[in-house]
Amino acid sequence: MNVPIRMLGIATTIFWVILAGFIASAGYSLKDLNFSIGEPQFTTTSDRDMVLSLPLYVFNGGFYSLKGFNLTTVFSDAEGAEVSRSSTFVPTIPHGQNTTILHNVTLNMDKLAENDEQYLFNDTSLNAEVTAGLNFAELLPVQLSTNFTFPWGAPLYDLTFGQPRFRSLSRSNAAVTVPISFENHAAFDLNGTIHANLYDKDGTLLAESQTPLDVSKGSSYAGNLDFAVPLNTASQASATGGHIELHFSTSMFEYGPVVMPIG
């Protein structure tokens, strides 16, 4: 279950290896440049953004400074729609000194889900275009670009309903319990609530339910949606095919309805 997150880390490492190759191709005396790549860090913000902080450490042991280092990453979905653009500019990488470059890539979950809901429910990938430019010894401007795919782990992977269970609470009321499960393949924890509405075959609202969510990244969730409904409608809904509408409200995204048949 941790494979999508591990793949994300591998992809960011490949990202920096490619970037190091860009810089190394910029001039003949860059044999005195040393690169080291730090671990990518994943953080979230109150604006429901996921921020990937990618560190690169450069020791310029050559005789010349590198000027105007610029790095731009553009992420797009499978249809080519841009979902993120991030740039980092370093005026000078001095000779004989260590320089730390921190490139932050921001991805917004609401925007991703708005473009394509598969980013919530299916492991997939984003297309990434990387452009790096610099000026070597103030004489040799270089700009190079490349494309690669960036793996994406879905926070609601394999969302599934189990078979509804019905039990009598009294002569007039029944309890309907619907198991629900999914796996959080995302690089962030999932916290919030599921609001669920239960409908009969005619689209009449029978009951509502609210369930808390607290699912760590790389872990699975298995819980229940519990409804209290009139006894006569409980059997009707199960036999003739009602449905449930789910609305997810989390610290990273708002999404719904997700319609799931239960009959």
Residue list for segment 192-202, filter: of a type outside the set (Asp, Glu) and part of a loop (DSSP other than H, G, I, E, B): LYS201
Any hit, segment 228-237, residues being within 17 Å of PHE161 (Cα to Cα) and outside any helix (DSSP H, G or I): no
Selection status of THR250, surrounded by fewer than 18 Cβ atoms within 10 Å (Cβ to Cβ) and either more than 14 Å from PHE121 (Cα to Cα) or in contact with a Lys or Arg (Cβ under 9 Å, 6 or more places away or on another chain) (or both): no
Filtered residues of segment 122-141 (kept if under 30 Å from ALA187 (Cβ atoms) and assigned to a strand (DSSP E or B)): THR124, SER125, LEU126, ASN127, ALA128, GLU129, VAL130, THR131, ALA132, GLY133, LEU134
First in segment 112-126 and of a type in the set (S, T, N, Q), second anywhere and surrounded by fewer than 16 Cβ atoms within 10 Å (Cβ to Cβ), Cβ under 6 Å, 6 or more apart: ASN115/ALA81; THR124/GLN118; SER125/THR149
Residue tally, condition modelled with pLDDT under 85, part of a strand (DSSP E or B) and closer than 23 Å to ASN127 by Cα, over segment 19-51: 3
Residue match in segment 76-90 (condition: touching a Phe, Trp or Tyr at 6+ places or on another chain (Cβ under 6 Å) and either within 26 Å of LEU190 (Cα to Cα) or in the same structural domain as HIS185 (by TED's automatic domain parsing) (or both)): yes
Residues being buried (at least 20 other Cβ atoms within 10 Å of the Cβ), within 15 Å of the chain's Cα centre (by Cα) and assigned to a strand (DSSP E or B) - total across segment 152-191: 3
Contacts under 9 angstrom Cβ, first residue in segment 186-197 being in contact (Cβ under 8 Å) with a residue 24 or more places away in the chain, partner among the basic types (Lys, Arg), 6 or more apart: ALA186/LYS217; ALA187/LYS217; PHE188/LYS217; ASP189/LYS217; LEU190/LYS217
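The values are calculated or read from the model by the stated rules, or taken from the named source; none is laboratory data. Only a predicted model underlies this, so the values are computations on that prediction, with no experimental measurement involved. Cβ atoms come from the backbone with ideal geometry, glycine included; neighbour counts cover every protein chain shown.
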